[in-house]
Amino acid sequence: MIRADMHIHTYYSDGTQSPADVIAAAKRAGLGLICVTDHDTMGASDEVKSLAQEAGIRAVDGIEISAYGDVKVHILGYGLDKNCPAFKKYYREAVEGSFARCEDTLKKLKERGMTVPMEAVLAERTVEGTPVHSMFICRAAAKLGYASSAGNFYLSYIADGKCAHSRIGRLSPEQAVEVIAECGGISSVAHPGRIAMEKQAKEGLIARLKALGLSGIEAVYSGHTEVETAYYKEMAHRFDLLITGGSDTHFTTGSRSVGTPEFYPDGALLNALKKF
């Protein structure tokens, strides 16, 4: 059996760990397969694959598209071609949309007496040219004294339903699945236990996405309980979808670490990944 982590973030999006940090952690955890799935970018892809090859670890290209319908529904993509015209179009619009969304959020914050300069936000971005993530705003705001931490600022002002939340430039889950499929990849609904929907509505969403080419469900996830894991595994079987799993690690320290929870891809998923 091969142990895998198919949901890892680096500083190419909102994480703080480098590709080298990820590979080192994967080696320590005894992983044989990893997927870096940065939000809305595949910028780390080449560096990750090069370092993984040196370490004897297989790396599959990945992304996490921060999609929104009525609620947040993130879609993981594996093996998609970043040189595909549809991906290039998506990425260009994702970067442009991220700036427009950031400006909208900063305007809303200023209306409530909190001035966070764009320059301060961009100073939190490690890699130039990547989308501007909401966590960059939160880190900048925390440094300016508007909250005790970036996480607290996010929960107070930026999260769904809060005063400075913005969805400008976001794809729908349906569009995310279609882009991944058009670029030859396989898609999986990220952390379904965190989707703010009742069970019946969530199953309806999965059915709609399946009809558009959805490939899997991230049933094995660091934030899922045993009951949730069993439920989403059963849902995957019922909808004839692949079971994926990952840590959603963003930092070298903290409660989540690369390789947790333990995930061993089954034959169906490994066969699907063979072409990548």
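The values are calculated or read from the model by the stated rules, or taken from the named source; none is laboratory data. Owing to the predicted nature of the structure, the values given are computational and were not obtained by experimental measurement. When we count neighbours, we look across all protein chains shown, and the Cβ atoms used for this are built from the backbone with ideal geometry, even at glycine.
A few comments on the model shown:
- Pairs meeting the criteria (first residue in the range 246-264 and free of Cβ contacts under 8 Å to residues at least 40 places away in the same chain, second residue outside any loop (DSSP other than H, G, I, E, B) and surrounded by 15 or more Cβ atoms within 10 Å (Cβ to Cβ), beta carbons under 6 Å, at least 6 apart or on different chains) are Arg256/Thr249.
- Residue match in the range 65-79 (condition: of a type in the set (Val, Ile, Thr) and either touching a Cys at 6+ places or on another chain (Cβ under 9 Å) or part of a helix (DSSP H, G or I) (or both)): no
- Any hit, the range 19-37, residues being free of Cβ contacts under 8 Å to residues at least 60 places away in the same chain, closer than 30 Å to Lys202 by Cβ and crowded, with 18+ Cβ neighbours inside 10 Å: yes
- Taking the criterion of being in contact (Cβ under 8 Å) with a residue 24 or more places away in the chain, more than 20 Å from Glu64 (Cα to Cα) and buried (at least 18 other Cβ atoms within 10 Å of the Cβ), the residues of the range 133-156 that qualify are Ala140, Ala141, Tyr146.
- Selection within the range 204-224 - in a loop (DSSP other than H, G, I, E, B) and of a type in the set (Gly, Ala, Ser): Gly213, Ser215, Ser222, Gly223
- Cβ separations smaller than 8 Å between residues 6+ apart or across chains give the following pairs from the range 120-131 residues that are not assigned by TED's automatic domain parsing to the domain that holds Pro19 and surrounded by 14 or more Cβ atoms within 10 Å (Cβ to Cβ) to residues that are part of a loop (DSSP other than H, G, I, E, B) and among the aliphatic types (A, V, I, L, M): Ala120/Leu144; Val121/Val132; Leu122/Val132; Arg125/Val132.
- Any hit, the range 124-132, residues being in a helix (DSSP H, G or I) and not hydrophobic (A, V, I, L, M, F, W, C): no
- Failed item, numbered, when Ile195 is tested on (1) assigned by TED's automatic domain parsing to the domain that holds Ala20; (2) within 29 Å of Ala20 (Cα to Cα); (3) modelled with pLDDT of 95 or more: (2)
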